[in-house]
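The values are calculated or read from the model by the stated rules, or taken from the named source; none is laboratory data. Quantities reported herein were computed from a predicted structural model and do not represent experimental measurements. Backbone-built Cβ (ideal geometry, glycine too); neighbour counts: all protein chains shown.
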Amino acid sequence: MEQGKVFRFSIISATLAVMLAFGGEVFAQSTQRGAIFARANCARCHSIDKYSESPLKIAPPFRVLHLKYPVTQLQEALAEGIVTGHQNMPEFRLDGGQIADFLAFLKTLE
């Protein structure tokens, strides 16, 4: 693993550890921030809840992402910029805190 990737992984891991150490309130706040990010940036194409269909048929519902691969594997892609996906998907680069928030939100959909 490259040094930059290791550093980003360490920041994300530390953020998640702090969230766990300070209990449910911090985790709930992180989950809420992740949901807000998803609503603002993803809901136009993806279903971001446990029941509805994605508005864009080729965009997978977030609730099934964990069936394809562990959600935590998205850390690197979110940090470096997701450039794959469906044809209309914009590129996103998130910082360590945003990644932790978004992943916390995705975990609630499993």
Next on the checklist: Under 6 Å between Cβ atoms, which residue pairs at least 6 apart in sequence (or on different chains) link something in the stretch 51-71 that is surrounded by 17 or more Cβ atoms within 10 Å (Cβ to Cβ) with a partner that is of a type in the set (A, V, I, L, M, F, W, C) and part of a loop (DSSP other than H, G, I, E, B)?
Outcome noted: ALA59/CYS45; PHE62/ILE48; PHE62/LEU109; ARG63/LEU109
Item to check | Condition check for ILE11: within 21 Å of ALA100 (Cβ to Cβ), assigned to a helix (DSSP H, G or I), at pLDDT below 85 and not aromatic (Phe, Trp, Tyr) | outcome: yes
Item to check | So GLU53, is it modelled with pLDDT of 85 or more, of a type in the set (Asp, Glu) and farther than 22 Å from ALA28 by Cα | outcome: yes
Checklist outcome for this item: Condition set out of contact with any Phe, Trp or Tyr (no Cβ under 9 Å at 6 or more places or on another chain) and at pLDDT 70 or above, scope the stretch 80-91, selection surrounded by the most Cβ atoms within 10 Å (Cβ to Cβ): answer is MET89
